[in-house]
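Peer 1: Can you read through this structure? Questions will come right after.
The values are calculated or read from the model by the stated rules, or taken from the named source; none is laboratory data. Source: prediction; values computed, not measured. So basically every Cβ, Gly included, is an ideal-geometry build from the backbone, and we count neighbours across all protein chains shown. The protein model used for the area step is the full one, side chains on, heavy atoms only, and it has no ligands, DNA or RNA in it. Shrake-Rupley method; radii C 1.70, N 1.55, O 1.52, S 1.80 Å.
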Amino acid sequence: MNVPYVKLDKAQLIMERNEVEKIYNQYKEKNLSLDMSRGKPCSKQLDLSLPMMDTLNSASDYMCAVDVRNYGVPMGISEARKLMADMLEVENDEVIVCGNASLSIMFDIISTAMNKGIMGQTPWGKLDEVKFLCPVPGYDRHFGITEYFGIKMINIPMTKEGPDMDLVEEYVNNDESVKGIWCVPKYSNPQGITYSDETVKRFAALKPAAKDFRIFWDNAYVIHDLYDDKKDELLPILSECKKAGNEDIVYILGSTSKVSFPGSGISAVGTSKNNIEDIMKRLSMQTIGHDKINQLRHVRFFGDINGMKEHMKKHAAIIRPKFELVDDILTKELGDLDICSWYNPNGGYFISFDSMNGCASQIVQKAKEAGVVLTGAGATFPYKKDPDDKNIRIAPTFPTDSELFEAAMLFTVCVKLVTLDKLISEL
């Protein structure tokens, strides 16, 4: 039935519900076991990087600017710094190449801020209250870090231009206890929104009440375009910060986790020279140097940023049909019912789905009971509390095409069933 549910009377709603329940029970009888809970690359994507393992062997030349087999170079080999600087759109001397995960960099920076302070400021752990702004829906692992350290998180609604900048400016410019904001500025997790030029410029021009306020600019999907002919463009934040005389305000994070191998990639932080000096005070005590052999392996495999972008086109060719499949199914099954909405992104790793208020938790539970695991309802909000209980993050990349078709179809059945129950109960 493609008539909007709100136009049906109670008898029609009950009839529709009974038909949908029959289909749902048929799915339950299939004993499915599918996982769409995380944004993981599929095996075909991982296969793309396997030749990287052949770039170095026992007969290889391990010399670049240094002998990567030995100690030293805690900021990363110069060739890897060049590669990651180009990816993050900063200068070569404005980047530190670290281990396998940008999440570790973010955790370490906040841990240091809590214990030692940033650039000589009072450690956050000695303050009565520390607050962080959290654009929502957002990345659950960001929120997990701030929750771990007991930092109070404040929801900032997302718009089609990025975070609500009026609200961001009100908090940042007037409240000294606001110390940071989480951002995924290109193809945001989960909505796939890219911040507008105006939003980036307003971030760069912030006048924080706190001297140690920082923007955590997690540009995780900076080269993760799905289409050659409709790529989103994002202004380089550090360049804008320099223009505003505000270059110390931002940390730009990124990694090759969804470019080469998750768990075996390289990560980096791009920032001002002052921030780099501050970070190195901790980093030089923490390690004599990260995995330079892996850094060299990445440099030899990709060559330069152009090689990395060409590699990402191969990723896109694999996952683009998956995004299109999910969008097609959602459109066909739910598009005319006026009970939900979703973002169809030009890149990134997720589709953000909004049900009617109060339905997301039950939809996720119904899917689980029928054999499909989704990201938990509420996960895209601080403390796992979606005030409207409506947002669900769909991760299309990991399942096979046939598995994805089954999972997406079942998802739409769960959406219909839960929504019908809600509408019937309200009559």
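Peer 1: Please list, in order along the stretch 210-227, the HN-Hα scalar couplings obtained from phi with the Karplus expression 6.51 cos²θ - 1.76 cosθ + 1.60 (θ = phi - 60°), rounded to whole Hz, x for Gly and Pro.
Peer 2: Each residue's phi maps through the Karplus curve to give 8, 5, 9, 5, 9, 8, 9, 8, 7, 8, 5, 10, 4, 10, 9, 7, 8, 10 Hz.
Peer 1: Here is a follow-up. Report, in deg cm²/dmol and to the nearest 500, the calculated mean residue ellipticity at 222 nm for the chain, where each DSSP H run with n ≥ 4 adds -39500 (n - 2.57) and the sum is divided by the residue count.
Peer 2: Details: 13 runs with 174 residues, N = 427.
One gets -13000 deg cm²/dmol as the mean residue ellipticity at 222 nm.
Peer 1: Now, a different point. Assuming 0.36 nm per residue, please report the length gained on full extension of the stretch Asn357 to Asp304 beyond their Cα-Cα distance. Don't skip to the answer; put the middle values down first.
Peer 2: Numbers: separation 53, 0.36 × 53 = 19.08 nm, distance 4.66 nm.
Here the answer is 14.4 nm.
Peer 1: Loop only by DSSP, 12 or fewer other Cβ within 10 Å of the Cβ. Give me the trypsin sites (Lys or Arg not before Pro) in the stretch 1-43 that pass, ordered by residue number. Display every interim value, and only then the final one.
Peer 2: Values: sites: Lys7, Lys10, Arg17, Lys22, Lys28, Lys30, Arg38; in loops: Lys30, Arg38.
Within the stretch 1-43, the qualifying trypsin sites (Lys or Arg not before Pro) (loop, at most 12 other Cβ atoms within 10 Å) are Lys30.
Peer 1: Which whole-Hz couplings ³J(HN,Hα) result when phi for each residue of the stretch 49-54 is put into the Karplus expression 6.51 cos²θ - 1.76 cosθ + 1.60, θ = phi - 60°, listed in order with x for Gly and Pro?
Peer 2: Couplings: 9, 4, x, 4, 5, 9 Hz.
Peer 1: Using a 1.4 angstrom probe, figure out how much accessible area the stretch 276-427 has per residue, in square angstrom, rounded to the nearest whole. Intermediate results must be reported in sequence, preceding the final value.
Peer 2: Values: 6170 Å² over 152 residues.
Spelled out: the 1.4 Å probe surface of the stretch 276-427, per residue, equals 41 Å².
Peer 1: Oh, and also: Once the piece of chain linking Ile288 and Asp67 is laid out straight, how much longer is it, given 0.36 nm per residue of separation minus the C-alpha distance between them?
Peer 2: Numbers: separation 221, 0.36 × 221 = 79.56 nm, distance 1.41 nm.
Full extension from Ile288 to Asp67 adds 78.2 nm.
Peer 1: Right, next: Compute the acute angle (0 to 90°) between the alpha-carbon long axis of helix 292-302 and the principal axis of greatest extent of the alpha-carbon atoms of the chain; round to the nearest 10°.
Peer 2: 60 degrees
Peer 1: Given the pairs Lys30/Lys385; Lys231/Lys368; Lys179/Lys207, which are separated by over 23 angstrom at their Cα positions?
Peer 2: Numbers: Lys30/Lys385 32 Å; Lys231/Lys368 34 Å; Lys179/Lys207 12 Å.
Beyond 23 Å: Lys30/Lys385; Lys231/Lys368.
Peer 1: Okay, moving on. Take the chain, connect every pair of alpha-carbon atoms lying under 10 Å apart with a spring to form a Gaussian network, then pick out the residue of Glu277, Glu333, Glu94 with the largest mean-square fluctuation.
Peer 2: Largest GNM mean-square fluctuation: Glu277.
Peer 1: Using a Gaussian network model of the chain with C-alpha springs under 10 Å, which one of Thr397, Thr256, Thr112 is most mobile by mean-square fluctuation?
Peer 2: Top of the fluctuation ranking is Thr112.
Peer 1: With a 1.4 Å probe and all protein chains left in place, how much of the accessible area of the stretch 1-123 comes from carbon and sulfur atoms, in whole percent?
Peer 2: Values: 3310 of 6640 Å².
The nonpolar share, carbon plus sulfur, comes to 50 percent.
Peer 1: List the residues, sorted by chain then number, that are 5 or more residues from Ser188 or on another chain and whose placed amide H is less than 5 Å from its amide H.
Peer 2: Here Ile193, Thr194 satisfy the definition.
Peer 1: Follow-up question, since we're still on this one. Around His224, with a cut-off of 15 angstrom between Cβ atoms, what is the net charge of the other residues, counting Lys and Arg +1 and Asp and Glu -1? If you can, show how the numbers build up before the last one.
Peer 2: Values: positive: Lys40, Lys186, Lys230, Lys231, Lys258, Lys309, Lys313, Lys314, Arg320, Lys322; negative: Glu89, Asp218, Asp225, Asp228, Asp232, Glu233, Glu310.
Summing Lys/Arg as +1 and Asp/Glu as -1 gives +3.
Peer 1: Of Leu226, Leu83, Leu234, which is the most mobile in a GNM of the chain whose springs link Cα atoms less than 10 angstrom apart?
Peer 2: So, out of Leu226, Leu83, Leu234, the one fluctuating most is Leu234.
Peer 1: Also, I was wondering about something else. Where only protein heavy atoms count, and the probe is 1.4 Å, what is the accessible area per residue for the stretch 68-108 in Å²? If you can, show how the numbers build up before the last one.
Peer 2: Numbers: 1680 Å² over 41 residues.
Per-residue accessible area for the stretch 68-108 comes out at 41 Å².
Peer 1: A further question follows. Please go through the stretch 86-168 and write out the trypsin sites (Lys or Arg not before Pro) that DSSP classes as loop and that have at most 13 other C-beta atoms within 10 Å. Don't skip to the end; give the middle numbers.
Peer 2: Working: sites: Lys116, Lys126, Lys131, Arg141, Lys152, Lys160; in loops: Lys116, Lys160.
Counting only loop positions with at most 13 other Cβ atoms within 10 Å, the trypsin sites (Lys or Arg not before Pro) in the stretch 86-168 are Lys160.
Peer 1: Taking a ≥ b ≥ c as the square roots of the Cα gyration tensor eigenvalues, with a/c under 1.5 meaning rounded and otherwise prolate when a/b beats b/c, else oblate, which class fits the stretch 168-240?
Peer 2: Values: a/c = 2.78, a/b = 2.23, b/c = 1.24.
Here the stretch 168-240 falls in the prolate category.
Peer 1: Another question about this same structure. Measure off 7 Å from each Cα along the Cα-to-Cβ vector at Asp166 and Lys368, then give the distance between these two points in nanometres to one decimal.
Peer 2: Computed distance between label sites Asp166 and Lys368 equals 3.8 nm.
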